1. How are the Cα pair distances of the stretch 35-188 distributed, in percent, across 10 Å bins from 0?
2. Based on Cβ point charges of +1 for Lys and Arg and -1 for Asp and Glu, what charge dipole magnitude is obtained for the stretch 34-143 about its Cα centre, in debye rounded to the nearest 20?
3. Count neighbours as other Cβ atoms within 10 Å of each site's Cβ, and list the GluC sites (Glu not before Pro) in the stretch 113-157 that are DSSP loop with at most 16 such neighbours.
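Coordinate-derived values only; no laboratory data. Just so it is clear, the structure is predicted and the values come from calculations on it, not from any experiment. Methodologically, a virtual Cβ is constructed for each residue, glycine included, from the backbone with ideal geometry; neighbour enumeration extends over all protein chains shown.
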Amino acid sequence: MNAIRARLVTTATLCVSAVGLLVLAPVTATAQTGADYGGGCVLDPGNPAATVDSLRFRCSVTQQDQIYRDSQAGAVPTGVVNGWVTRPTNLTGIAPALWIGKVFHTGPDGGWLTNRVTGAGIEAFPADVYRAPSILDAETTWALNYAPSPTPQVYDEIREVSPGVWFGYSWWREGDWPLLAAFVLTPA
């Protein structure tokens, strides 16, 4: 009887430990592997369009922030990229009339960019691009510093969350640096 009880306790302990690991284990998202954050929020390294769709329509604010924290800076974008605001939700509908992406003039160590504004894609609002500590978590990110533009208070940061997909934040450089918006980028 004691042997049976010992086996039951051991089996129960192993089951509880396994469930605990599954529940408590953090989801790891890198540019090399995919990750499922639940509820349709999925990074698919083989399908950038699916990843963009997830970030725009399926990932919660908490999931977006976790994806960003789980990712490394990755490669810097180059050339023309399309962009979408993911939050705040009151901007997602009107943003395409004001902003449609960026044009990166970069090499492996950074460079500069302009924003594509209006539906016509007029290039404006230059920014310097370089690696720096993130405002969100102090880990390395690509900083998009608008100090040389007419909007020097704006400071963006991005990370490559899946191959060819960058997620980032736009901060207002005053007081406690409030978040202006979150956005996703992918090559045009």
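1. 12, 45, 37, 6, 0
2. With Lys and Arg at +1 and Asp and Glu at -1, about 300 debye.
3. 139
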